[in-house]
Amino acid sequence: MPERVLAFGVCLFLLAAAGCATAQEAVKGGVFRYAAIDEAPTLDQHVVTSDLATTIAQHIFEGLYTFDANYTPVPMLAESTDVQEDGKLVVIKLREGVKFHNGKELDAEDVIASLNRWGKFGTRGPVLFEHIAKLEADSKYVVKIYFKEPFAPWQNLLAFINGGPVIYPKDVVEKAEAKPIPETEYIGTGPYRFVERNPGRYILLARFDDYKGLAGPANGYAGERKAYFDEIRFIPVPDVGTRVNGVKAGDYDYAEQIPGDLFESLKSDPSVKTIVNQGSIQGFIFFNSKDGIMKDNYKLRQAILVATKMDMVLRAAIGPEELWDANGSFMPEVTPWYSKAGLEKYNRGDVELAKKLAKEAGYNGEKITFMVSSSYRMHYDSCMVIAKQLSEAGFNIDLQIYDWATLVSKRSDPKQWDMFFTHHGFVPDPILFTFMSDTYPGWWATDRKASLKKPFIETMDQSKRIEIWSKIQELIYEEVPVAKTGDIYMYDIYSPKVQGLSEMSLIWPKLWGLSFK
Amino acid sequence: MLSYVIRRVLSMIPSLFLASIIVFSFIHFIPGDPAVVMLGDMATPEQVQQLREALGLDRPVYVQYIRWLSGILRGDLGNSIFFHQPVTRVIASRAETSIFIALISMALIALIGIPIGVLSAVKYNSWIDQALSSLSMFFASVPTFWLGLNLMFIFAVMLRWFPSSGFPSVIESGNWSNLRYLILPCLTLAAPNSALIIRLTRSSMLDVIREDHVRTARAKGLPEWKIILKHVFRNALISIVSALGFTFVALVSGTVVTETVFSLPGIGRLVVESILRRDYPVIQGIILVIVLLYMLINLLVDLSYAFLDPRIKYS
């Protein structure tokens, strides 16, 4: 009996010890191996919008603001913000004592030089800089932005790191100008520093021990950014079978972008864990507003829109229903921008109505050139279904399949196409949708769009902006510059020995706050 | 012999020059732009143009060619547009994998293919020959990605004997045990290629076995093993060596599927990825290196003929 009591006591002790171990604070150490779908191009966030580049770069570089879990912009390198003169002047106080990876302290000169380069040569910078009169350093830690007129989305644009205004040291950006910043000068303020790129093998980051991050619990991309791993290796593993097998075999700790058809089996596999991305991507059919059969022919575009049954497209291209949502609102439900305006034309699959509208549009079976890329499986699969639905509704679809580089080159010539397919990443402000730019291929630039876009960007009152966006969405369903297929949620897998991966915002997995068990 | 080698080496120069013109012009005729690929979907035409100018891609093709050629004459293959590193460095980092893959696979191919081919020919039409021929037909027909993924699943995921993918550099780390990363890929490559060498060895041996000098050797009462090794195998080796030479170059330059399945940083994958990215300097550099490699292997194979068959002389 005493032996049994003793054994029971020992068991209780061991269980308590195990409980304590699981509740233990995460410890530093280890090399995290991230199996990526490809190699990233330059990590210079000013010039590229590649999702993979952002996934890696967000650990190295930071901007003035970032997004919390509610997609609200909050300070990152900024400490406080004061909007004055009815929105025409923004005074930003920087956090003091923030160090770059080269040991230099961040100051207003670095911020101004970085923002100026982003505004001049950056991918998304000109959207903001069209409205900026000048930038000024008020002191070592204070930056002033003078706007020509109030420009409401300024903080969202400064917080969006993808193609966004990360802050480099002044001398780095002044040397680089339009050229991507060389690897030797990937110097940021983030929790990890760039060590090396070995083409085909990895991009290596190491923990930055002098990192001065935000205080407070992690909240979306905001809050503390605790770096536990000694190193992170981003390894290009293009074959999905290899990424899955690699995590199962213990060769990788994390693998991104796994196809939908494996979702069910991986969810029940004890050797891996799945995580579905909160931020959706969206499939878009772009229509040519500049030339050809679609130019100014809104009825024909509406006919094409009502002919498509988007849930069939999504089911075929993505698979399990947990990974897609036949949502016609351009902004997802989790954002305040969600709107049902114009949705009566979405996801109809109404062949008769499509034929009627096409007839009213004067369509007589003319060839409609529809370009799609074979480089993205989701694009190709979606377009196979769309083309079939359109053919059944009587449209003469000439489906042209190219590799991505060729498609991008061809779509810049309005004479070569009528429709093309692509996808769009999550954006926190609708002004960042590519079709909101008059110069993006598709060239949607009508007077009605302009009359709504002006108050949309100049109104500082957020509730009014949301109302105007709803009207813009209604106009989109009327003039149909693009047709949205739906929201698509990518999912990734990771090793059960990784802890801390509880939620993800936007679309770029962040590896701070993670550690090995 | 020496003057022959010198002549052959000199004759490579115009061939390489011609190859450089063809490669350069063909690549620049393909639609697509590296600046567009790099900047991504959101870039405006103005930003693409800015980057094209910064990279010198806005200049006429012939100007770009002259700049590239003058760089080559100075030993500079230019910089990768995608990696922002010298092309020589990018190729060198990938060449290590490809050369190790080629060497290990070649050893496996020769060790498996030649003895089985010889055995098959010696046991011509027996059940052994038929079994070996069927097996070689099977391995010659199996898709590489299927074989690779299955080997990976069995030996990496289930048994955990070998790593599933990747290849950490042996040269950089000095760690020769990293070669274990290449065992599964090399087995994947060796299977179909060994099957081809088995069939080639068998047919070459059978051709020689029927020749008069073999019959004479047998009539003289020489032991059978001596006839097979000295009189048959040595003569059959000429075609086997040719095949092995070109298999080697193919393994260095074109094992795209295996490199992709096992996520190996090799030359084959680099070629395909560079074409998709329109990374002109890398594509041009690699193709020139592969053309040069083909020429050198061709020369070595030709020289080996004289060694294998004393009747062949180069002057």
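In region A:240-276, the residues that give up 20 Å² or more of accessible area when the other protein chains are added, compared with the chain on its own (1.4 Å probe), are A:242, A:245, A:248, A:249, A:251, A:252.
Coupling constants for region A:304-315 follow from the phi torsions by the Karplus curve (6.51 cos²θ - 1.76 cosθ + 1.60, θ = phi - 60°), and in residue order they are 5, 4, 6, 6, 8, 10, 5, 5, 5, 4, 5, 5 Hz; glycine and proline get x. Taken over the alpha carbons of chain B as equal point scatterers, the Debye sum produces base-10 log I(q)/I(0) values at 0.12, 0.13 Å⁻¹ of -0.97, -1.07. Taking the average, over residues, of other Cβ atoms within 10 Å as the packing measure, peptides B:302-308, B:184-190 rank B:184-190, B:302-308 from highest down. According to the square roots a ≥ b ≥ c of the eigenvalues of the Cα gyration tensor, what is the shape class of the protein assembly as shown, taking rounded for a/c under 1.5, prolate for a/b larger than b/c otherwise, and oblate for the remainder? It is prolate, given that a/c is not under 1.5 and a/b is the larger ratio. The C-alpha atoms of chain B define a longest principal axis, and helix B:280-308 lies at about 20 degrees to it. Within the accessible surface of the protein assembly as shown, defined with a 1.4 Å probe on protein heavy atoms only, the carbon and sulfur portion equals 60 percent. Using the Cα coordinates of region A:154-308, the gyration tensor eigenvalues translate into equivalent-ellipsoid semi-axes of 35, 28, 18 Å, sorted from longest to shortest. A convex hull fitted to the Cα coordinates of region A:431-478 yields 69 cubic angstrom per residue. Starting from the Cα gyration tensor of region B:42-98, take the square roots of the eigenvalues, sort them a ≥ b ≥ c, and report rounded, prolate or oblate (rounded when a/c is under 1.5, otherwise prolate if a/b is larger than b/c, else oblate). Cα axes put region B:42-98 in the oblate bin. Our summary gives chain A a relative contact order of 20 percent, counting only alpha carbon pairs under 8 angstrom and 6 or more residues apart. Within the shell defined by Cβ-Cβ distances under 14 Å, the residues around residue A:87 carry a net charge of -1, with Lys and Arg each +1 and Asp and Glu each -1.
In the structure shown, the pairs A:134/A:175; A:356/A:410; A:226/A:484; A:299/A:464; A:179/A:212; A:340/A:410 are assessed against 26 Å; a Cα-Cα span above that value is assigned to A:356/A:410; A:226/A:484; A:299/A:464; A:179/A:212; A:340/A:410.
Here's how it looks for residue A:66: its modeled amide H is under 5 Å from those of A:74, A:76, which are all 5 or more places away or on a different chain. Computed with a 1.4 Å probe over protein heavy atoms only, the accessible area of residue A:322 comes to about 100 Å². Helix A:2-23: angle to the longest alpha-carbon principal axis of chain A, degrees 0 to 90, nearest 10? Computed tilt is about 50 degrees.
Between B and A, buried accessible area from a 1.4 angstrom probe totals roughly 3900 Å², ignoring ligands, DNA and RNA. Our analysis of region A:388-517 gives Rg over Rh at 1.07, with the two radii drawn from alpha carbon positions and Rh computed by the Kirkwood formula. Kirkwood Rh over alpha-carbon pairs of region A:250-304, then Stokes-Einstein at 37 °C and 0.692 mPa s: what D in µm² s⁻¹, rounded to an integer? Translational diffusion coefficient: 212 µm²/s. Quick check for you: with a 1.4 Å probe and neighbouring chains kept, what is the accessible area per residue of region A:195-327, in Å²? About 34 Å² of surface per residue is accessible. Surface exposure of region B:91-240, expressed per residue as accessible area with a 1.4 Å probe, stands at 51 Å². Amide hydrogen proximity for residue A:369: with H placed 1.01 Å from N in the peptide plane, the residues at 5 or more positions away or on another chain lying under 5 Å are A:398, A:418, A:419.
Assuming a ≥ b ≥ c are the square roots of the Cα gyration tensor eigenvalues, decide whether region B:15-137 counts as rounded (a/c under 1.5), prolate (otherwise, with a/b larger than b/c) or oblate.
Prolate shape, in that a/c is at least 1.5 and a/b is the bigger ratio.
Among the residues of region B:80-110, those with an accessible-area drop of 50 Å² or more from chain alone to full protein complex, heavy atoms and 1.4 Å probe, are B:82, B:83, B:84, B:85. Of the trypsin sites (Lys or Arg not before Pro) found in region A:348-445, those in coil by DSSP whose Cβ has at most 11 other Cβ atoms within 10 Å are A:415.
Taken per residue, the accessible surface of region B:1-74 reaches 57 Å², heavy atoms only and a 1.4 Å probe. The angle between the Cα long axis of helix A:462-479 and the longest principal axis of the Cα atoms of chain A comes to about 40 degrees, rounded to the nearest 10.
In region A:140-186, burial by the other protein chains removes 30 Å² or more of accessible area from A:178, A:179, A:180, A:183, compared with the chain on its own (1.4 Å probe, ligands and nucleic acids ignored).
The values are calculated or read from the model by the stated rules, or taken from the named source; none is laboratory data. In this text the structure is predicted, and so the values were computed from the model without any measurement. Here the Cβ is made from the backbone with ideal geometry for all residues, glycine too, and neighbour counts use every protein chain on show. Side chains included, ligands, DNA and RNA excluded: accessible areas come from the protein's heavy atoms. Shrake-Rupley method; radii C 1.70, N 1.55, O 1.52, S 1.80 Å.
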